[in-house]
Structure formats: C-alpha cells, structure tokens
Amino acid sequence: MNRVFGLVGALALALLPVLSAQPATCGEIKIGLMCPLTGKWASEGQDMKNIVTLLVDETNAKGGINGDTVRLVVEDDAGDPRTAALAAQKLASAGVAAVIGTYGSAVTEATQNIVDEAGLVQIGTGSTSVRLTEKGLERFFRTSPRDDAQGKSAAAAIEKGGYKAVALLHDNSSYAKGLAEESRAALEKAGVRVIFFDALTPGERDYTAILTKLKAADPDLVFFTGYYPETGMLLRQKKEMSWNVPMMGGDAANHQDLVKIAGPEAAAGYFFISPPLPQDMDTKEAKDFLAAYKAKYDSVPVSVWAVLAGDAYKAIEGALAAGKADPEAMAAWLKELKDMPGLSGSLGFDAKGDRVGEFYRTYVVNNEGAFELQPR
Amino acid sequence: MEQFFQQLLNGLAVGGIYALVALGYTMVYGVLKLINFAHGDLFTIGAYLGLTLLASWNLAGVLPPAVAVLAVFLMVGLLVALIGVVLERAAYRPLRGANRLSAVVSALGASIFFENAIMLIYGARVYVYPDFLRPDFTVNLFGVSVPGVRLLILGASVALMLALSAFIQRTRMGAAIRATAIDPGAARLMGINVDRVIALVFLIGPGLGGMAGLMVGIYYGQIDFTMGWSYGLKAFTAAILGGIGNIPGAMLGGLLLGVTEALAAGYVAMAWKDAVAFLVLILILIIRPTGILGERTADKL
C-alpha cells in the first residue's frame, strides 16, 4: 500500500512546478492543512478536514480576514511519515501562509524541518512527543499538550484513585512509549510502584498472551497508553478471561469506537484522561462550534485531536487578523498569545511553542457505554 | 504452572487460525509450486464479506445466531472460493508456462490490488462485528478458564483440516490433485484435466482462507483492511515450518507457531514474540530444511 502512496506522492511532486506556477490570486489567503485522510487514522483525518473547513467557511461568511478570503489547501499524509514529508513539500510550495498539522508525533516530525526550511509557521495538532518542541525550531507550535504534561496528569489521577501497584503497557509508538515513560517517572516520584512495563504489538488481534502475563503480575491497575483499537481488544479479552482489574488509558483512547470494539459490558468502568471534547464543555465557543458542526455534518466530532486542529486554525486566524502575515511576526505573535477562547478551552503558547494551561480531565465509561466527564 | 497452561491454550487458539490460513498456502504451493501472496487478502475479503452478508440481510436478526453463523460461513466460503478461481484465471493461468518468479510478482500485485480495493470499497476505518454472535460460555480446564469460543475455533480448524485430508487421500479428485502435485505433465498424459484440478485447488484454498477471516471477525470482533498482511505472513511461516505442500504439516506448523508466540510473549517479552517465533523457524529450517513434516523429494529417472 505504501508503494501506491509513494507513487501518488511522486506523481504529485512531478506536478508541483505546474501547480506553483499559477499566480497568487489577489485578496486570497491560503492556509495549509496536513491530515491523515487515508490509512489507519483516516477517521481522525476526515474529521480534521471537516472541522477546519467549517471554520474557514465561517470566516469567509463573515467577510474573510481583513477583507481577504481564506482558502484551505488540504494534503493527505496517510498517517505515514514518508507521505507526510511529500505533503509538507507540496504545501510549502503552494504558497500557504501557515501549515496546520498533523496527527501522530513521528508523522509530524517528518514534516517539521521541511516546513521550517520553507520559513513557515507550523501548528501541530496531535503530536505530543516532548522532543518536537525541545529541538528549538522557531516557528513550530502545537495545540496538543505534551506527553510529560499528560504523564503528570495520569500519575495524579492514579494517585487520586488510591492505586498502589500499576502495570504500564505501551505499543512502541513514539506517542505511547513517551507517555508510558513520562508516567513511570511521575509515578515513581509520587511513590506508586510500577510493577510491570512492557510493549505490545499494535494491529494484532490476540492479546491474551500479554494479558495472561499481566494477570500473573497481579497489578491493581493496568495503564495502557496506546490507541483505542488495541484498548478495545484488551478490554474485551480481559473480560473473557474473567479478570476484573481496572484499566485506564491516555487521550488516544478518546474515541467512541472504543466501546464498539470492546462491547459496552467490557468497557464499563474503563477510564482515561484527555482534553475534553466540545460536547462536554460549557463555554460559548464550544457550544457555538458544536451547533454549527451538527448543522453541517449531522454528527458530533468523535476525536479530540480533530478539535485541536480547529484550535490551530483559530490561532492562525487570530494572527492574520492582527496583521501578522509575515511568518516571523506570526510566530512572535503566537508566542505572546494568552487566553484566546478556543474550542478546547483557553488557547495560548509558551516561548517553546507548547500550549499552556491544564486541560486534562478524567472520563469514565458508564454502563451504557457513554463517556462521562468527571468533575475536576 | 497455571500460567503455562493458560499460555499454551492461548497459543493453540491463535495457532488454529494460523493453521487454517496456512492450509490454503500449502495446497496452492503443493500443486502449482506458487506462493500465493494474495492469500492473506482473500482472508481479509472473507472477514468483510461476512460482515456485509450479516448486515445487509440482517441475518443475525432473522435467524438464530448459530444458524446465521453457519449460513454465513457457507456463503463466505463459496464467494471467496469463486474469487479465488477468478484470481487464478486472471493472474496466474496466463503465466503458467512462464518463469516462476513472474507468477510470484503477479501474486504480490494481486495482493496490493485486493488490499486497496477493500479500502476503496469499505473505507479505512475499523469495522466491528455484532458481538452477540459469539457463543458466550467458559470452560475450565486444568484449573484454567478458557472462553468456549476459543475451543470452538480450534475444533472447527481441526475438523476442516481432517475433512480436507480425507478428501485429498480418499477421493478420486483428491488422487487427481496428488497426481498433479507430483507431475502435472504426466497427470495430463493419464487423462487428468489439470486445469480443472488447479481450479479446484483455488476453490478450496481461498474458501478455507475466507472462512478463517470470518472466524477472526466473529471471534475478535474487529476487522480492518490491512489485517490480511500479518495473518498471511504468519500463515506462510506456519506452512514453511510444517513443510510447505504438506497438509498435516500446515496444521502442525500453525499450532506450533501460535504456541511459540504465546510462550515467547509470556516468558520473554511481548515485543520479542515475533522475533522468537522466527528464530524457531530458522532453527528448524537449519535442522530440517524441508520443514517438520516435509519430505525430501529425490528426482527419480
């Protein structure tokens, strides 16, 4: 399959000179969006496109930014670093004002230098690995919180739950492994024992072998830091083994399909920490956004990462509205940004480009299979 | 000790599925000396067709679950078998006289075609089977609790393998398949319609692979368009391990691979499970290059 994407990418590259030769339309601002429209994260990517398209339409309906219409240029990165590098190159040469995206730390990492060398601002949306902002790129930002912030929140939730012996499980992805390691550090500092630390292979169907091993270690909580398909399988097979240990997860578990995969019975009681979805928030921005989304797509966003893409657009729109079209000026403006009302809460960045603020909340799956946001 | 038995049973259940997929590889290889890389994707097609049939006719709502599952098994087996025959006609038969490498390349092409066709038709998201189809009972063995559906899957795999073995060993068509496997030219001279035999092989192998896909769908509940690749690779390994071309060998290889993986995951490390499984494969191939049950064939003149 990668071959096919590679081929499409090569064709796209070959077409580049043709595309970039077009003169820039007057009174139009292009904004680039990279997202996984195909591949294993396609559902997140489609939602990213839906959300940003909706916001762009809203901007244009209000008369654009300072009189200029906004045009969204969307590139599929397939959730694959190689395809993403090609997507970033396409966006860089399409004359966009800034780049939004993408989902997945390793995928984003493959695009960072390309966008930076093109001299553009990039706002990552689902890239939580600590090192992405630690390498000191001047114009890289992200609306997603970092693994270490999440690790601290996870450790706090585990401590609050009174768990003493925790099994940590990840899937070797840079996101899940990072989160597991940050959580282990935070837990050990808090005096909670980590009695198990191992990885599973994502994309498999049978996790009974690792569950049997976990059961023998006898933890009082299993914390799996990976994505929802594997989480669903673990919950389902754990129930089949009649093992009742509580299980928790990180924000990659925040997807409604989790309950479909596990079955509502096996999912009941599972909890995870995540930035809240707009439907769980009572701010005006979240409510307005949700009403508009429902009116246009007749559904609600299922992935919080897609919502963070909307926040990235909000930040760029804010910078452009303040007249900061030049990438240097835009970056400087974003670094000063504080308390802008966003879809997922207040929006602001620190000097490294990381999002500031505390967003993590605990969700619990109830007996009907719905995600319930817990009070702070 | 309890953990050991639990892992053993975990491994046998996974191995049963590997074995079932491996049967298709082994049959095709035995007769055509062709490694059918598209076999894993026929497995995926089985899983998707099963869900489509269940959903589009609402079979699970109309019939009792057990009857619905049996009906879907038969239909999926048949439909995937037909796709297998078409595949052979379109991608392999035109290359039959050509270099063996050409057919392998054609198989890889077919695999990529199927995978992308499934993605374009169904989309990239994960699909979920209705979970009331699975029999929900648990069996206690040696103080270890085993979901009954695991035993059913293992039982069904063994039953299909025995039926296939009996068919190959006891019937006239089976004898024709064996004869073609040994020497297609001589078989043709003896009045065997080799094209028909090959079509039959492409009915049975893909049919079994499709049923295995359906089994995985019903049991694990979750299917996606890339699932064929890893199962195909494991099944291919199982076939080599047992001695490719040998039907009991495929079964033995599948079970052995499943158990090795489960024990490696339990006693070494989860992430090392595939590495250990392939190490065992390499060791066995060093000791017995033809696989466990494979026979060394000498060319007699």
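The values are calculated or read from the model by the stated rules, or taken from the named source; none is laboratory data. Note that the structure is a prediction, hence the values are computed from the model and not measured. Glycine gets a Cβ as well: all are built from the backbone with ideal geometry, and neighbour counts include every protein chain shown. Keep in mind that these areas ignore ligands, DNA and RNA; they rest on the heavy atoms of the full protein, side chains included. Shrake-Rupley method; radii C 1.70, N 1.55, O 1.52, S 1.80 Å.
In terms of its C-alpha gyration tensor, the stretch A:96-206 comes out prolate, because a/c is 1.5 or above and the ratio a/b outweighs b/c.
Buried accessible surface for the A/B pair, both sides summed and rounded to the nearest 100, is 2900 Å² with a 1.4 Å probe. Let me know the Kirkwood hydrodynamic radius for the stretch A:80-127, please, with Cα pairs as the basis and the value in Å to one decimal. That comes to 10.2 Å for the stretch A:80-127.
Accessible area of the stretch A:67-146 with a 1.4 Å probe: how many percent of it is carbon plus sulfur? Could you put the intermediate results ahead of the total?
On the way: 1090 of 2320 Å².
Carbon with sulfur: 47 percent of the solvent-accessible area.
Where Rh is the Kirkwood radius over the Cα pairs of the protein assembly as shown, the temperature 20 °C and the viscosity 1.002 mPa s, what D in µm²/s does Stokes-Einstein return? Answer, rounded: 79 µm²/s.
If you count, for every residue in A:196-208, the Cβ atoms of partner chains within 10 Å of its Cβ, what is the mean?
6
The amide H of A:A98, built 1.01 Å from its N in the peptide plane, has A:G32 as neighbours under 5 Å, considering only residues 5 or more places off or on other chains.
Remark: accessible surface ordering of B:L162, A:L320 (largest first) is B:L162, A:L320, probe radius 1.4 Å.
The mean sequence distance of close C-alpha pairs (under 8 Å, at least 6 residues apart), as a share of the length of chain A, puts its relative contact order at 15 percent. In this structure, the amide hydrogen of A:R193, modeled 1.01 Å from its nitrogen in the peptide plane, lies closer than 5 angstrom to those of A:V166, counting only residues at least 5 positions away or on a different chain.
Which value, in debye to the nearest 20, gives the size of the charge dipole of the stretch A:247-367 about its Cα centre, when Lys and Arg are +1 and Asp and Glu are -1 at the Cβ? Before the final figure, lay out the partial values.
Numbers: 12 positive and 17 negative charges, 25 e Å.
Charge dipole, the stretch A:247-367, about its Cα centre: 120 debye, nearest 20.
Of the residues B:A91, B:P135, B:A110, the one whose Cα sits farthest toward the positive end of the charge dipole of the stretch B:67-166, with +1 on the Cβ of Lys and Arg and -1 on the Cβ of Asp and Glu, is B:A91. Cα centroids of the stretch A:299-376 and the stretch B:162-235: how far apart, whole angstrom? Computed from Cα coordinates, the inter-centre distance equals 54 Å. Rg/Rh, computed from the Cα trace of the stretch B:30-130 with Rh as the Kirkwood radius, has the value 1.06. Remark: chain B carries 44 Å² of accessible area per residue (probe radius 1.4 Å; ligands, DNA and RNA excluded). The figure for A:T59 is an accessible area of roughly 10 square angstrom, using a 1.4 Å probe on the protein chains alone.
In Å, what Kirkwood hydrodynamic radius results for the stretch B:221-301 from the alpha-carbon pair distances?
Details: mean 1/r = 0.0742 Å⁻¹.
The answer is 13.5 Å.
Once the Cα-Cα distance is subtracted from the 0.36 nm per residue extended length, the B:F5 to B:L70 segment shows a gain of 20.4 nm.
Using the Karplus relation 6.51 cos²θ - 1.76 cosθ + 1.60 with θ = phi - 60°, the per-residue 3J(HN,Hα) values for the stretch B:218-228 come to 5, 6, 8, x, 10, 10, 8, 6, 9, 4, x Hz, with x marking Gly and Pro.
Largest accessible area first, the residues A:Y227, B:Y25 order themselves as A:Y227, B:Y25 under a 1.4 Å probe with ligands, DNA and RNA left out. Backbone geometry of the stretch B:154-168 corresponds, through the Karplus equation with coefficients 6.51, -1.76 and 1.60 at θ = phi - 60°, to 3J(HN,Hα) couplings of 4, x, 5, 4, 5, 4, 4, 5, 5, 4, 5, 4, 4, 4, 5 Hz, x marking Gly and Pro. Based on C-alpha pairs under 8 angstrom that are at least 6 apart in sequence, chain B has a relative contact order of 37 percent.
Magnitude of the Cβ-charge dipole of chain A, K/R +1 and D/E -1, about the Cα centre, nearest 20 debye? Display every interim value, and only then the final one.
Details: 39 positive and 48 negative charges, 65 e Å.
About 320 debye.
Taking a ≥ b ≥ c as the square roots of the Cα gyration tensor eigenvalues, chain B comes out oblate, since a/c reaches at least 1.5 and a/b does not exceed b/c. Residues whose amide H comes within less than 5 Å of that of B:L34, counting only those at least five positions distant or on another chain, are B:Y29 (H built at 1.01 Å from N in the peptide plane). Each of A:N50, A:G323, B:F73 was placed along the dipole of the protein assembly as shown (beta-carbon charges, centred on the mean Cα), and the one lying farthest toward the positive end is B:F73. What is the Cα centroid distance between the stretch B:81-103 and the stretch A:72-137, reported in whole angstrom? Cα centroid to Cα centroid, the span is 43 Å.
Using a probe radius of 1.4 angstrom, the carbon and sulfur fraction of the accessible surface of the stretch A:206-278 is 51%. Projecting the Cα positions of B:Y267, B:T226, B:I284 onto the charge dipole of the stretch B:175-301 (unit charges on Cβ atoms of Lys, Arg, Asp and Glu, taken about the Cα centre) puts B:I284 furthest along the positive direction. Given a 1.4 angstrom probe, I'd like the percentage of the accessible area of the stretch B:124-219 that is carbon and sulfur, rounded to a whole number. Within the stretch B:124-219, the accessible surface is 65 percent carbon and sulfur. For an R0 of 22 angstrom, estimate the FRET efficiency from the Cβ-Cβ distance between A:T201 and B:I282 and round to the nearest 0.05. That pair, A:T201 with B:I282, gives E of 0.65.
In what order, largest first, do B:R172, B:R188, B:R93 sit by accessible area if the probe radius is 1.4 Å?
From most exposed to least exposed: B:R172, B:R188, B:R93.
GNM remark for chain B: springs join alpha carbons under 10 Å apart, and the peak mean-square fluctuation among B:N36, B:N116, B:N58 falls on B:N58.
The solvent-accessible area of A:E159, taken with every protein chain present and a 1.4 Å probe, is close to 100 Å².
Legend: mean number of C-beta atoms from other chains within 10 angstrom of residue C-beta atoms, peptide B:124-133, equals 5. Taking a ≥ b ≥ c as the square roots of the eigenvalues of the Cα gyration tensor, the stretch A:291-376 is classed as oblate, since a/c reaches at least 1.5 and a/b does not exceed b/c.
Multiply the residue separation of A:D339 and A:K164 by 0.36 nm, subtract the distance between their alpha-carbon atoms, and state the gained length in nm to one decimal.
Details: separation 175, 0.36 × 175 = 63.00 nm, distance 3.69 nm.
Net length gain for the segment: 59.3 nm.
Put a plus charge on the Cβ of each Lys and Arg, a minus charge on the Cβ of each Asp and Glu, and nothing anywhere else: the dipole of the protein assembly as shown about its Cα centre is then about 2100 debye. In the context of the full set of protein chains, residues of the stretch A:277-359 present 41 Å² of accessible surface per residue (probe radius 1.4 Å, heavy atoms only). Counted over all Cα-Cα pairs of chain A, pairs farther apart than 32 Å make up 32 percent. Taken one residue at a time, the phi angles of the stretch A:46-63 give Karplus couplings (6.51, -1.76, 1.60, θ = phi - 60°) of 4, 5, 4, 4, 4, 5, 5, 4, 4, 5, 5, 4, 4, 4, 5, 5, 7, x Hz. Gly and Pro are set to x. The percentage of C-alpha pairs in the stretch B:48-103 whose separation is greater than 13 Å is 66%.
Take A:W333: with every protein chain present and a 1.4 Å probe, its accessible area is about 60 Å². Helix A:147-160 and the long axis of chain A differ in direction by around 30°, with both axes built from C-alpha atoms.
Placing a pseudo-label 7 Å from each Cα along the Cα-to-Cβ vector at B:N116 and A:E117 gives an inter-label distance of 2.8 nm.
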